[in-house]
Each structure stands twice: as structure tokens, then as C-alpha cells.
Amino acid sequence: MTACARTLKGIIGEQLLHIQCWSHKLDKLEKIPSQAFTKLNEYVSKTKQVFLNTRKRKHRYISFLEDKYGQNNNDIGFKKAKLFPMPVMTRWNSWVQSVDCISDYAEDIFEFVRTLDDSDSNAVEYFKNLEELDWKIVKAEAAFVVEHCAPVSDLLLLLEGNKYPLAHRLLPNLNQLLVSFTIIMESDRIKRVVGEKTLAALLQLPKQEMYRAGRRMRSMCRMCFDRLTGLIDTDTAKLFFESCASLFCPVKIMSGTVDTVSRAYKNIPMLKEIPLAQFLVQHGVLQKEVENYLLNNRSKKVDAVHEVLKGMLASENKSFAIVCLQVIFSPV
């Protein structure tokens, strides 16, 4: 990718514009927790070192989990024996996946590593010398990342694929992230706004350390909020995505007026294949069809607008549906 960009720049010159996709932008956002939670990031790094290029140790760890929890998933307290997923800086979402594992298996990793005899390993020594307070801080920060940063990772993975239309849902999803960050960063009592696992972990900390952990969590959300706001404001396609949301987002389409639909229509060149007067009539049909669809289908996993437009392909509004589907399937 870098070599390709360098070649293009050599051919086109300084006029070459780099328009970054939202998967790359969200990857920048996803890196903030690892910078904000230094103890957790060190724990992830040391865990990676423990299991890196050690086939026998990985096998021993799996055996350790099977001996501890058994192999019957009907047993109370059963945990599936699985390896620690290695974080890779160049692989999207890998750090969060590692933290997710630590959130569930922190005690097991800690207990297993302390049974190892490899005193020459810095990673093993780290676990053997780890203070109980630091370990509890790691658990609290890991729980917070899993409960409050997972939506960023989920959206990134959704954008990374190409099976679903997302142009009309991008900004509403990003705004939802901003709201979730705002709730935490503006709260004066962190215990009231965090998830269940995070709260349970925070309550294990001394009062002063709980206050510091809460301050780090609010600070992380502030950094995420500022970074995401900047990415949205500087996005060259912001007006396009706003217009897509106004016209086709299932939440917003029901409240669309003639004025809002007309303004959004003018901001999307592809739609001008259809005369405005005709588009307003057909968009009104789309609104009614989406309303009926939502009344009969409560599943949040299905995009109502996408489903209705696919159904319109077999109707007299086929040309309208084709153009609209091209719009919502625009790359993000």
C-alpha cells in the first residue's frame, strides 16, 4: 500500500489527495485505550511475550485450563480452554481481542505463569513480581475496554467487510459513539455510568485508586471524543454521509420532510438521474414501506431500508430502488 501511494505521488505530484477510509480512521481511535491504560497495555505485552513462539507452553496452558475447568460445558463455572490471541499492531482490532481474553482469563493467566520455572524470562518475572493492586487495576481497565470500547471495534469490523450497505448508517453510528463517550467523560461519579463488570472490578480497588482509575477512564473517553469529532469534521465526504443519513437511515427516514429530503437530494449527484419531483413521490413511498416493515419486523440486525429497497426492485419503482441502493452501498 505504501509503495503504491509513493508511486502514485511520483506520477501525479503534490496534487494527489489521500482520502482515508473510515476503517483506518476508527483504527486510530481504537489505539487510544492502549495509550491511556499503560498498566493494561504492559500486561497485554507481557502476556504476548509469555506465549510467543512457545508451542510447549501453549500446550501446557491449554492442559492447565482443562484440568482447572474440565471439558464439560454444562459444569458450573466452566470456561473454554483457548489460547491467548496475540495482538499485532498492524492488524485491526487485535489489541482489543487480547484485552477481551484478559478480561475473562486474567486470573488463569496470572496463576499459570506463576507456576513456570523460567526465571530468565522478563515476562515471567513480571507476573511473579506483579503487585496485587496493579493486577486489580488491570482487571478494571480490561473490563472497561470490553464494555465501553467494544462498539468502536464492532463498527470497525463492520466497515471492514463489504456485505452490508453502510453509507446511510455511518454518521448515526459515529454520533452514537460520541454520546457514549460524553456520558462517561462528563460524569462526576464513574460508578454510576460504567458497565457491570467494570463496576465490580472498580469496587475491588482502594478508594483513592478507584478515583484515579475513574479519572483515567474519563480522560480516555475525552481523548476518543476529541479524536472522533476531529475525524468527522475534517471528513471530505461529511455532507454526503449526512445527506445519506437524512434520506435512508431507518431512524431518520420517518421524520423526513419535503424540505429536508430536497436538500439532501441536491447533495448526492447520483440521485439527480431522477427528477426531484419524481424522487419526492417515490421517497414518500419508501417512507411508508419502511414504516410498515418496522411494524412487522422488530429485529435490529436487519436494515429496514435495505430490505425495502430490495423488494422495490420487483415493482414499478425499480429504477428508483437501483439508484438508492447504489448510494447506500457507496464505499465508506
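No lab work stands behind these numbers, since they all come straight from the coordinates. Note that the coordinates shown come from a computational prediction; the quantities given were computed from them, not determined experimentally. In this analysis, Cβ positions are derived from the backbone assuming ideal geometry, glycine residues included, and neighbour counts consider all displayed protein chains.
So here's what we get for this one:
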| read-out | value |
| --- | --- |
| Förster radius 22 Å - calculated FRET efficiency between residue 315 and residue 277, Cβ distance, rounded to 0.05 | 0.70 |
| In nm, spacing of pseudo-spin labels at residue 299 and residue 229 (7 Å Cα→C-beta vector) | 3.8 |
| Region 191-252-region 265-332 distance, computed between alpha-carbon centres (Å) | 31 |
| Pair residue 38, residue 196: separation of 7 Å Cα→Cβ label points (nm) | 3.4 |
| Gaussian network model of the chain, springs between alpha carbon atoms under 10 Å - residue of 178, 295, 313 with greatest fluctuation | 295 |
| Full-extension gain in nm, residue 307 to residue 187, via 0.36 nm per residue minus C-alpha separation | 39.3 nm |
| Highest average packing first - 275-285, 138-148, 197-207, Cβ atoms within 10 Å | 138-148, 197-207, 275-285 |
| Residue with peak Gaussian network fluctuation, the chain [Cα springs, cutoff 10 Å], from 49, 208, 176 | 208 |
| Pairs of Cα atoms farther than 15 Å apart, region 90-132, % | 51 |
| Which labelled figure in (i) 15.4; (ii) 23.1; (iii) 17.9 is mean projected area of the Cα convex hull in nm², once derived from the coordinates | (ii) |
| Gyration tensor (alpha-carbon) shape descriptor, region 134-246, a/c threshold 1.5 | prolate |
| Low-density loop positions, GluC sites (Glu not before Pro), region 250-332 - DSSP coil, at most 15 other Cβ in 10 Å | 316 |
| Ascending count of other beta-carbon atoms within 10 Å, so fewest first, for 90, 257 | 90, 257 |
| Backbone N within region 305-327 under 15 Å of label point (7 Å from residue 164 Cα along the Cβ vector) | 305-308 |
